[in-house]
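The values are calculated or read from the model by the stated rules, or taken from the named source; none is laboratory data. Computed from a prediction, not measured in an experiment: that's the story for all the values here. Neighbour counts are summed over all protein chains in view; Cβ atoms, including those assigned to glycine, are modelled from backbone coordinates with ideal geometry. We work out accessible area using only protein heavy atoms, side chains counted, and drop any ligands, DNA or RNA first. Shrake-Rupley method; radii C 1.70, N 1.55, O 1.52, S 1.80 Å.
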Amino acid sequence: MLDGRVKTLHPNIHGGILARRDQKHHMEVLNEHGIGTFDVVVVNLYPFYDKVTSTGGIAFDDGIENIDIGGPAMIRAAAKEMSYNNYLDANAAWNCVFEFRNPTCVIVKHTNPCGVASGDDILEAYRLAVKADPVSAFGGIVAFNIEVDDALAKEIREFRSPTDGETRMFYEIVVAPKYTEKGLEILRGKSKTLRILEAKKNEKGKLSLRQVGGGWLAQDSDDLTPQDIQFNVVSEKPQDNELRDAEFAWLCVKHVKSNAIVIAKDNRMLGMGSGQPNRLESLRIALRKAGDEVKGAALASDAFFPFAWKDAVEEACESGIGVIAEPGGSIRDGDAVDCCNKYGVSLLFTKVRHFRH
């Protein structure tokens, strides 16, 4: 209408974009008015700049007509379904959590898992995942590999931050394979802005793609689990519990941005260091987060240690680490073996690098 000035500014359009599908009353309103939903919004904006700067000139009235109203309005409406970063973080959390066999909780912030814990009691696993780094967990994405029922939903809604025992934990997104009706009802009451996602298990064997200037890089996805590889003992032989801790840490570290170090014990992450230009600094961050619990814990590195003496390997040994899992492959692997033997630390070579960028 109005000579084309009003086309998309209509409830049939914006209602289908803005409605939240996880809100029952939103969907009821859409049904009442016969409005469908939109999955993707693609907008070709009016070429305002090209028109008003064209060499041939343009009349003032024509310039006014090239001011786009409906297009930006649809973009703004669509920017509310989830953000680019929300999708990246949710994907990172889900990719990590579904790899664990036991009931597991993973909390992600800026695509890095800051808390991971497994156990038969999923409520306790959730609490331990938060405890790993409650400051980073606040405002993050929490993911589970089992159904979220009313008890778990209530714990997510009510759990207080370990930092002060008072502040309720806040999350952007919850991801799980399914939810009970009561669990959904409880989560919807936690926050108006909380996104509740249901996800399916990813298939293995997909390509990992990354865009670069002029094209794309493609490589096999990092699908390996501890059951797919060998943890080769090259120094002191680990105890059974130490080997299990090493496997858990190795599975965590593959999802941490390089240079990546994870410290874990008893099926939970104690601390991690990520994204540092050197591995020693990532180690120190992980040790600081793990605190006194580092004694006898497992350490996993996403790539080999280029140096051992007076560097990351020796600092890890001196801190009380009980077992180290790394790919091996450095020309100084012998130094790492000698260092671990000196301190009585088990060293395991996996021959598998992660390197996540």
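Helix-derived [θ] at 222 nm for the chain: sum -39500 (n - 2.57) over DSSP H runs of at least 4, divide by residue count, nearest 500?
-10500 deg cm²/dmol
Sort largest first and round to whole Å: the equivalent ellipsoid semi-axes of region 2-78, each the square root of five times a Cα gyration tensor eigenvalue.
Values: eigenvalues 231, 30, 10 Å².
Equivalent ellipsoid semi-axes, largest first: 34, 12, 7 Å.
Based on the Kirkwood radius over alpha-carbon pairs, what value in µm²/s does the Stokes-Einstein equation return for the translational diffusion coefficient of region 225-349 at 25 °C and 0.890 mPa s?
180
On a straight-distance basis, which lysines could pair with LYS201 in a cross-link, Cα separation under 19 angstrom, same-chain partners fewer than 8 positions away excluded?
Result set, ordered by chain and number: LYS178, LYS254.
Which of ALA77, ALA298, VAL352 sits closest to the plus end of the dipole of the chain, meaning its Cα is farthest towards the positive end, when Lys and Arg get +1 and Asp and Glu get -1 on the C-beta?
ALA77
Could you work out the Kirkwood radius for region 152-204, taking every pair of different alpha carbons, averaging 1/r and inverting it, reported in Å?
This gives a value of 12.2 Å.
Relative to the compact globular guide of 2.2 N^0.38 Å, what is the alpha carbon radius of gyration of region 147-286, as a ratio?
Values: Rg = 19.3 Å, N = 140, 2.2 N^0.38 = 14.4 Å.
Ratio of Rg to 2.2 N^0.38 Å for region 147-286: 1.34.
Evaluate the distance, in nm, between pseudo-label points positioned 7 Å from the Cα of ASN341 and of MET82 along their respective Cα→Cβ axes.
5.0
Using the reciprocal of the averaged 1/r over all distinct C-alpha pairs, how large is the Kirkwood radius of region 207-269 in Å?
Averaging 1/r across every pair of different Cα atoms and inverting gives 13.9 Å.
Might you report the magnitude of the Cβ-based charge dipole of the chain about its Cα centre, with Lys and Arg at +1 and Asp and Glu at -1, to the nearest 20 debye?
For the chain, the charge dipole is close to 300 debye.
Note down the nm distance, to one decimal, between modelled labels 7 Å out along Cα→Cβ at GLU315 and at VAL29.
The modelled label-to-label distance comes out at 5.4 nm.
Report the accessible area of GLU155, computed with a 1.4 Å probe over the heavy atoms of all protein chains in place, in Å² rounded to the nearest 10.
Only protein atoms counted, so the area is about 40 Å².
Name the residue from GLY271, PHE307, PHE248 whose Cα lies farthest towards the positive end of the charge dipole of region 245-330, charges +1 on Cβ of Lys and Arg and -1 on Cβ of Asp and Glu.
It is GLY271.
Starting from the exponent 0.38 and prefactor 2.2 Å, build the expected Rg for the chain from its residue count and divide its actual Cα Rg by it. Show your work: numbers first, answer last.
On the way: Rg = 25.2 Å, N = 357, 2.2 N^0.38 = 20.5 Å.
Dividing the Cα radius of gyration by 2.2 N^0.38 Å gives 1.23.
Hey, with R₀ at 35 Å, roughly what FRET efficiency would LYS351 and ASP39 work out to, going by the Cβ-Cβ distance, to 0.05?
The formula returns an efficiency of 0.25 here.
Quick one: accessible surface of TRP309, probe radius 1.4 Å, all protein chains present, in square angstrom to the nearest 10.
Taking all protein chains as shown, TRP309 has close to 100 Å².
Taking only Cα atoms of region 89-194, what ratio of Rg to Rh do you get with Rh as the Kirkwood inverse-distance radius?
The Rg/Rh ratio comes out at 0.92.
To the nearest 10 square angstrom, how much accessible area does GLU203 have with a 1.4 angstrom probe?
Here the residue's solvent-accessible area equals roughly 130 Å².
Given a Förster distance of 51 angstrom, what is the FRET efficiency for ASP223 paired with ARG5, based on the Cβ-Cβ distance and rounded to 0.05? Numbers along the way, then the final one.
Working: r = 53 Å, r/R0 = 1.04.
Given R0 = 51 Å and the Cβ-Cβ separation, E is 0.45.
ASN232 to SER208: extension gain in nm, 0.36 nm per residue of separation minus the Cα-Cα distance?
Residue separation times 0.36 nm, minus the Cα-Cα distance, leaves 5.9 nm.
Could you order peptides 287-293, 347-353, 36-42 by the average number of other Cβ atoms within 10 Å of their residues, highest first?
Values: 287-293: 16.3, 347-353: 20.6, 36-42: 10.9.
Descending mean neighbour count gives 347-353, 287-293, 36-42.
At what distance in angstrom do the alpha carbon centres of region 290-348 and region 7-57 lie from each other?
Measuring centre to centre over Cα atoms gives 55 Å.
Which aspartates and glutamates have a Cα lying under 17 Å from the Cα of LYS7, excluding residues fewer than 8 positions away in the same chain?
Partners within reach: GLU65, ASP68.
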